[in-house]
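Student: Please see the structure below; I have some questions.
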Amino acid sequence: MRDKYDMGLAAAFHSPNMSFSVASGYTDGGLGLGHKTRPAQPDDLYVWGSTTKMITAPAVLQLFERGLVKLTDPISLHIDPILLHLNGTRLESHFGTAIHAVQIQHLLHMTSGIQDYDGGAFSAAQFANRSKAFGPVEIVTRFVSPTLQFSPGEHQAYCSTNYILLGLVLATHYHRAGSDWSWQDYDQASVVPAALQKAFNHSLFVMQGPCSKYTPVHGFMGFYPSAQLPKQDVWDVSCLGGWTAGNYVGSVADIARFTYELYNTKEPKIISAKSQAHLTNFTAPGMSSFKFYGMGTFNLDWSVGADAYGHVGDTYGYQSQTTYIPGFDFVISVATNVETEKQAQPADFTCHAYHQLKAVLTGTRAPHCTFVATRPIFVKVFTCSRLGRELFKFCHGFWGLGAGSLTLYELLQNS
């Protein structure tokens, strides 16, 4: 896998009975660039981009559970208080009166009609000042169109601005709990219950500075939709990444554990079962017929050919995926240090890993699979057929299931 995409990567498996992480490739090379002198390590911190939304959504649902927020509340009710303190304005000052129809649930479900900030103008500004941390107020007022692209709740369109605005909702309520009127003072890690905090000691949320301050893993950008730039190492670019829409940096083990605690229904530890149902509701009013997004959650069945959900991450130089498989109650998480046009490598790895693990757990032969990435990036084709011979058990040494096994290391390197 590392050679197929010329990348460094780490991957983790998490279940109630077993957890492990592995890595392959180099953290200072990829896409034909860099030096390839530092081997990737399983506990390296990766930049997860939009996977941060999977952390932001349950934080909002925790407010909902405490009765502090209703999903049908207008967002201005919870955002105007902090805006008035930060820059003396209200949402209406930028968006006009149409913004009053946008509700909390619209932001969570990507059905608000608010347009994305992450376009050509923002990319040009970021790469003109590579390490600058663009905060939420500057992003909204400078890079987001004041015109809604459709009436709230009418359609669904993936838009990171929604999750920046949810960050302001959270910052407002964090202030009311005793912090200053500051978006930087909102503690994103507070979504994790105190009893679990020690389990996430390889996680952080960036507020300023380039990624090089937080991780030894360089990011190599081969393609970014809004940045018409040559292939390059973007390790020196700001790691704020849209704040609550994209600033999580952490190990594959940490995100795999969080994914499991968030979605498993046997013993959920982040939010209640009722809130879990909101996360995975892919059929809310106005949502895409493709049913691709719930609340901070992608429907990932396209990725493995079975019921699955979690999140994908795509930010300058890094692409990733974390996937919960409810049918087997385990998580596969993978992070890479390259960014490609079709965003294929995380889904490719996940799909191969899932089918190998499934073969072990069911005692069946592993299929021979071919992964084909198409456009749009969230439509992949993964075709499988049974091999005429037994593929020996996956992850020997972790599972202890006999010699001659296909190891996760081989999957990392050779698939």
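Read the figures in this text as sums done on the coordinates, not as results from a lab. Keep in mind the model is a prediction, meaning the values are calculated, not measured. Every residue, glycine among them, receives a Cβ derived from its backbone with ideal geometry; neighbour counts consider all protein chains shown.
Student: Between Val372 and Leu84, 0.36 nm times their residue separation minus their Cα-Cα distance comes to what?
Tutor: Result for the pair: 98.8 nm of gain on full extension.
Student: Let me ask something additional. I'd like the FRET efficiency for Gln208 and Gln228, computed as 1/(1 + (r/R0)^6) with the beta carbon distance as r and R0 of 30 Å, rounded to 0.05.
Tutor: According to the calculation, E is roughly 0.70.
Student: Under 14 Å from a label point 7 Å along Cα→Cβ of His155: give me every residue in the range 118-133 with its amide N that close.
Tutor: Once the point is set 7 Å along Cα→Cβ of His155, nothing inside the range 118-133 turns out to lie under 14 Å by backbone N.
Student: Got the relative contact order for the chain handy, in percent, Cα pairs under 8 Å and 6 or more residues apart?
Tutor: 22
Student: Ok, one more. Which listed residue (Pro193, Ala171, Gly241) has the Cα farthest towards the positive end of the charge dipole for the range 2-342, taking +1 on Lys and Arg C-beta and -1 on Asp and Glu C-beta about the Cα centre?
Tutor: Pro193
Student: Answer rounded, prolate or oblate for the chain, using the Cα gyration tensor with square roots of eigenvalues a ≥ b ≥ c: rounded when a/c is under 1.5, else prolate when a/b is larger than b/c, else oblate.
Tutor: Prolate shape, in that a/c is at least 1.5 and a/b is the bigger ratio.
Student: Can you list the lysines whose alpha carbon is less than 30 Å from that of Lys198, not counting same-chain residues fewer than 8 positions off?
Tutor: Lys53, Lys213, Lys266, Lys269, Lys274
Student: Evaluate the distance, in nm, between pseudo-label points positioned 7 Å from the Cα of Thr280 and of Lys342 along their respective Cα→Cβ axes.
Tutor: Label at Thr280, label at Lys342, 2.9 nm between them.
Student: Count charges around Gln126 for me, please; just the other residues with Cβ under 11 Å from its Cβ, Lys/Arg as +1, Asp/Glu as -1.
Tutor: Numbers: positive: Arg130, Lys132; negative: Asp118.
Charge balance in the 11 Å sphere: +1.
Student: Still on this structure, please answer the following. Which of the DSSP-defined H helices in the chain satisfy a minimum axial length of 24 Å, computed from C-alpha atoms, and a minimum mean Kyte-Doolittle hydropathy of -0.5? Working shown, then result.
Tutor: Details: long enough: 344-362 (27 Å, -0.04).
Flagged H segments are 344-362.
Student: For the range 1-152, take every pair of Cα atoms, bin their distances at 5 Å starting from 0, and report each bin as a whole percent.
Tutor: Cα pair-distance distribution for the range 1-152, in percent: 2, 7, 11, 14, 15, 13, 10, 9, 10, 7, 1, 0.
Student: Show me, for the range 22-37, the HN-Hα J-couplings you get by feeding each phi into the Karplus relation (A = 6.51, B = -1.76, C = 1.60, θ = phi - 60°), rounded to Hz, glycine and proline as x.
Tutor: Whole-Hz 3J(HN,Hα) from phi for the range 22-37: 9, 8, 7, x, 10, 8, 10, x, x, 6, x, 10, x, 10, 6, 10.
Student: So, one more: Considering all projection directions equally, how large on average is the shadow of the alpha-carbon convex hull of the range 246-335, in square nanometres?
Tutor: The directionally averaged projection comes out at 6.4 nm².
Student: As an exercise, use a Förster radius of 51 Å and the Cβ-Cβ distance of Arg142 and Asn17 to find the FRET efficiency, rounded to the nearest 0.05.
Tutor: The calculated FRET efficiency here is 0.55.
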